Amino acid sequence: MGLQSTQNDEGPLIGALLRACWQAVRARIQRDLIADGFDDIGTAHLAVFQYPSPHGVRMTALADRAGMSRQAMSYLIGELEANGYLERRPDPSDARASLVHLTRRGEAAVGATRASVRRLEREWEEELGRSRFGQLRETLLAIARCLG
């Protein structure tokens with residue numbers, strides 16, 4: 001997991017622990033997407049599909065949510081659109097803007113992603129035990145609520 005401590009180290013901080021877990025989740029999703037036939041979705045594209053997935057969302061909102069530039073998000077959306085996962089439709093409230101929508105293929109990819117994470121969660125629950133895994137999930141939900 002890459003979290004070896006040094007002699008004078010008190011161990012990894014919470015950010016390193018969360019990063020290690022996220023990297024494991026992301027790698028698992030990528031592996032499972034390839035196995036499910038979605039081999040044209042790279043790890044960078046996962047930022048577009050992250051929860052909640054795009055259903056009539058402006059590209060700028062997706063960029064803000066992913067913590068990336070609008071230019072980078074536009075590039076990713078363009079790739080996913082070219083591969084049939086997304087489509088842009090005019091925003092009825094602003095003629096200058098467009099809304100990003102999942103296509104059927106995009107919905108299938110999101111479903112495959114969620115199934116992948118559910119399988120990983122079951123594995124972690126088996127490893128930690130139901131009670132500890134439930135506590136982990138509740139703690140993470142509480143932290144997420146505090147963050148807004």
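Quick note: the coordinates plus some simple rules give every number you see, no bench work behind them. This one's a predicted model, so the numbers in the text were calculated from it and none came from an experiment. For neighbour counting, all protein chains shown are included, and Cβ atoms are generated from backbone atoms with ideal geometry for every residue, glycine included.
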Any idea what angle helix 70-82 forms with the longest principal axis of the chain, computed on alpha-carbon atoms, 0 to 90 degrees, nearest 10?
-> 70 degrees
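Among 48, 100, which comes first, then next, by fewest other beta-carbon atoms within 10 Å? All intermediate terms of the calculation are to be shown ahead of the outcome.
Details: 48 28, 100 23.
The most exposed by this proxy come first: 100, 48.
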Specify the angular offset, from 0 to 90 degrees and rounded to the nearest 10, of the alpha carbon long axis of helix 14-35 from the longest principal axis of the alpha carbons in the chain.
-> 60 degrees
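Over the chain, what is the mean sequence separation of C-alpha contacts under 8 Å (at least six apart), divided by residue count, expressed as relative contact order in percent? Before the final figure, lay out the partial values.
Numbers: 120 pairs, mean separation 28.8, N = 148.
Value for the chain: 19 percent.
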For Cα Rg over 2.2 N^0.38 Å, which listed value, (1) 1.55; (2) 1.16; (3) 1.21, comes from the coordinates shown?
-> (3)
Nonlocal amide H pairs with residue 98, under 5 Å, H built at 1.01 Å | 59, 91
Working out 0.36 nm times the residue gap between residue 117 and residue 137, then minus their Cα-Cα distance, what length gain in nm do you get to one decimal?
-> 5.9 nm
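Within a Cβ distance under 12 Å of residue 116, other residues only, what is the Lys/Arg minus Asp/Glu net charge? Provide the component values of the computation, followed by the final result.
Working: positive: 26, 28, 31, 114, 118, 119, 122; negative: 32, 36, 121, 123.
Computed value for this residue: +3.
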Between 61, 108, 95, which gets the highest mean-square fluctuation from a Gaussian network model of the chain, Cα cutoff 10 Å?
-> 95
Could you work out the helix-only [θ] at 222 nm for the chain, with each DSSP H run of four or more residues adding -39,500 (n - 2.57) and the total divided by the number of residues, to the nearest 500 deg cm²/dmol?
-> -20000 deg cm²/dmol
